[in-house]
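Chemist: Mind having a look at this structure? Questions to follow.
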Amino acid sequence: MKTWWSAIDVANSSYEEIKQRKVISQGWHDLGPLNSLFPLINQDWKGFVTTIQIIGDTTYKGESWWNNDRNGNRTPKVMWNLLNIRSEDLIVAIEGTKVKGICEIEQDAIETYIYQPKYEYAQTVGFPVEWIDWSEDKFSFIPTAPAQSVLGIAGLIGEHNEVVTAWQQYKSKAL
């Protein structure tokens with residue numbers, strides 16, 4: 001089981017929106033459906049990066065959508081991480097550095113992937129997930145989000161054990 005941060009840019013989406021949609025999602029609406037990239041998952045990082053860059057360059061035609069991203073591979077890394085979420089992984093949603101909620105995915109991301117073009121955060125996995133609002137009352141602590149948030153989907157490493165324990169205790173009380 002892995003734990004992940006899922007950063008939500010409130011200029012393009014919100015925790016309340018993804019909670020209502022019952023998904024784990026990320027942006028870049030205009031990239032379109034990414035189903036053709038599934039064979040590259042866990043096998044060909046370089047091919048995945050190249051393909052996302054080609055799709056983006058074609059779609060955004062000269063716009064500076066990558067900014068300085070080619071060196072950092074930000075967009076490919078976000079999509080790679082999103083599509084690599086596995087059954088039983090825990091995802092903690094944050095807006096900026098504020099922890100908003102948590103969910104557990106029941107199936108691997110690529111088994112539940114849906115492109116929802118009416119949203120900016122169109123790349124979705126996990127449907128249907130049940131987001132649980134995070135509060136200290138429910139979970140006995142609040143994880144410390146990175147000081148500058150995270151970009152997209154990133155591993156939640158520092159407090160992994162604490163998040164897993166809090167989630168397990170919450171689930172046992174909810175039963």
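The values are calculated or read from the model by the stated rules, or taken from the named source; none is laboratory data. None of these values were measured; they are calculated from a predicted model. Glycine gets a Cβ as well: all are built from the backbone with ideal geometry, and neighbour counts include every protein chain shown. In case anyone asks, the SASA skips ligands and DNA or RNA and just uses the protein heavy atoms, side chains included. Shrake-Rupley method; radii C 1.70, N 1.55, O 1.52, S 1.80 Å.
Chemist: Could you please find all residues in region 82-139 being closer than 26 Å to G32 by Cα and without any contact (Cβ under 8 Å) to a residue 40 or more places away in the chain?
Modeler: Answer for region 82-139, where residues must be closer than 26 Å to G32 by Cα and without any contact (Cβ under 8 Å) to a residue 40 or more places away in the chain: S87, E106, Q107, D108, E111, T112, K118.
Chemist: Could you list all residues from region 19-62 that are loosely packed, with under 12 Cβ neighbours inside 10 Å, of a type in the set (G, A, S) and modelled with pLDDT under 85?
Modeler: The one that is loosely packed, with under 12 Cβ neighbours inside 10 Å, of a type in the set (G, A, S) and modelled with pLDDT under 85: G62.
Chemist: Among strands (runs of 3 or more DSSP E) lying entirely in region 67-175, which contain 1 or more residues that are open to solvent by 30 Å² or more (accessible area, probe 1.4 Å)?
Modeler: 90-95, 98-104, 153-155
Chemist: Kindly evaluate S13 against the criterion of being in contact with a Phe, Trp or Tyr (Cβ under 6 Å, 6 or more places away or on another chain), open to solvent by less than 50 Å² (accessible area, probe 1.4 Å) and part of a loop (DSSP other than H, G, I, E, B).
Modeler: So S13 fits the description; yes.
Chemist: For residues that are more than 12 Å from the chain's Cα centre (by Cα) and modelled with pLDDT under 95, tally how many sit in region 2-13.
Modeler: Of the residues in region 2-13, 4 are more than 12 Å from the chain's Cα centre (by Cα) and modelled with pLDDT under 95.
Chemist: Sticking with this structure for a sec: Which of the residues spanning region 33-53 are under 20 Å from P117 (Cβ atoms), of a type outside the set (F, W, Y) and not in a loop (DSSP other than H, G, I, E, B)?
Modeler: N35, S36, L37, T51, I52
Chemist: What tally of residues in region 1-42 results from selecting those that are among the acidic types (D, E) and either within 16 Å of G126 (Cα to Cα) or without any contact (Cβ under 8 Å) to a residue 12 or more places away in the chain (or both)?
Modeler: Total meeting the criteria: 2.
Chemist: Under 6 Å between Cβ atoms, which residue pairs at least 6 apart in sequence (or on different chains) link something in region 143-155 that is modelled with pLDDT of 85 or more with a partner that is of a type in the set (S, T, Y) and buried (at least 17 other Cβ atoms within 10 Å of the Cβ)?
Modeler: I153/S6
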